[in-house]
Amino acid sequence: MRVIAGSAKRLQLKTLEGIETRPTTDRIKETLFNMISPSIIGCRFLDLFSGSGAIGIEALSRGAKEAVFVEKNPKAMDCIKENLRFTKLDQRAFTLTKDVLLALQQLDGEKIFDIVFMDPPYDLGFEKNVLEYLAESQLLEEDAIVIVEASKQTDFSYINDIGFTLIKEKLYKTNKHVFLEKITR
């Protein structure tokens, strides 16, 4: 796995061995960043369930002002920190080794984000809990984009009820990216 574009272009990133994380493939990552590229420069990026940190690192490499990485697995967080040092992007990064909902509570009132990306374990409902929290929080800029990577089967029919609207959905072979915006009331 590598950084695709920007200041750290072509640098190889480390990932955890085994099945504890599912790194987003370079092809899917490239498609994702092609879709959000106009919003990346100068943005504040939140990478939830960060795994190896590849998505947040890609955002930093492409010009994000800062990125916050949230990952509760200490081994994965060690990998993220090593990748940040290796790519020389650690000065614009902030890491939290804790449960995502606890991290969101800690960040609420302290940080505000333009883009939130989450890649939770598939089919366990974590994304709904996070979206419910984000909808009621002060963490999102007015025009923030929330991107959820999920299995193709994940149901998002509840999003309007909790305060989000679907901007677009990008389907891949086994998973999808769902792009959401908070409904302004």
Checklist entry - Within the chain, what's the longest stretch lacking GluC sites (Glu not before Pro) that sit in DSSP loops with no more than 10 other Cβ atoms inside 10 Å? => result 18-109
Checklist outcome for this item: A chain fully extended from residue 16 to residue 72 at 0.36 nm per residue, minus the present Cα-Cα distance, gains in nm 18.8 nm
Next on the checklist: In the stretch 95-122, whose amide N lies under 18 Å from the spot 7 Å out along Cα-to-Cβ of residue 155? List them in ranges.
Outcome noted: 122
Next on the checklist: Using only DSSP helix segments of four residues or longer, with each worth -39500 (n - 2.57), what per-residue ellipticity at 222 nm results for the chain after dividing by its residue count and rounding to 500?
Outcome noted: -9500 deg cm²/dmol
Checklist outcome for this item: Sequence order, the stretch 157-166: Karplus ³J(HN,Hα) from phi using 6.51 cos²θ - 1.76 cosθ + 1.60, θ = phi - 60°, Hz rounded, Gly and Pro as x, gives 5, 7, 4, 5, 5, 9, x, 10, 10, 7
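Hey, which of these cross-link pairs are over 20 Å Cα-Cα: 111/168; 14/176; 75/170; 65/128; 128/170; 14/168?
As for pairs spanning more than 20 Å Cα to Cα, those are 111/168; 14/176; 75/170; 65/128; 14/168.
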Next on the checklist: Taking just the alpha-carbon atoms of the stretch 62-162, what radius of gyration and Dmax come out, in angstrom?
Outcome noted: 14.2, 42
Item to check | Share of carbon and sulfur in the accessible heavy-atom surface of the stretch 99-139 [1.4 Å probe, %] | outcome: 48 percent
Next on the checklist: Please list, ordered by chain and number, the residues whose modelled amide H lies under 5 Å from the amide H of residue 164; skip anything fewer than 5 residues away on the same chain.
Outcome noted: 183
Checklist entry - Here are some values of Rg and Dmax of the Cα atoms in Å: (i) 19.4, 70; (ii) 15.0, 45; (iii) 18.7, 74. Which one was computed from this structure? => result (ii)
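The values are calculated or read from the model by the stated rules, or taken from the named source; none is laboratory data. Just so it is clear, the model here is predicted, and its values are computed rather than measured. Because the Cβ atoms are built from the backbone with ideal geometry, glycine has one as well, and the counts that use them run over all protein chains shown. For the accessible areas, the whole protein counts, side chains as well, though only heavy atoms, and no ligand, DNA or RNA atoms are used. Shrake-Rupley method; radii C 1.70, N 1.55, O 1.52, S 1.80 Å.
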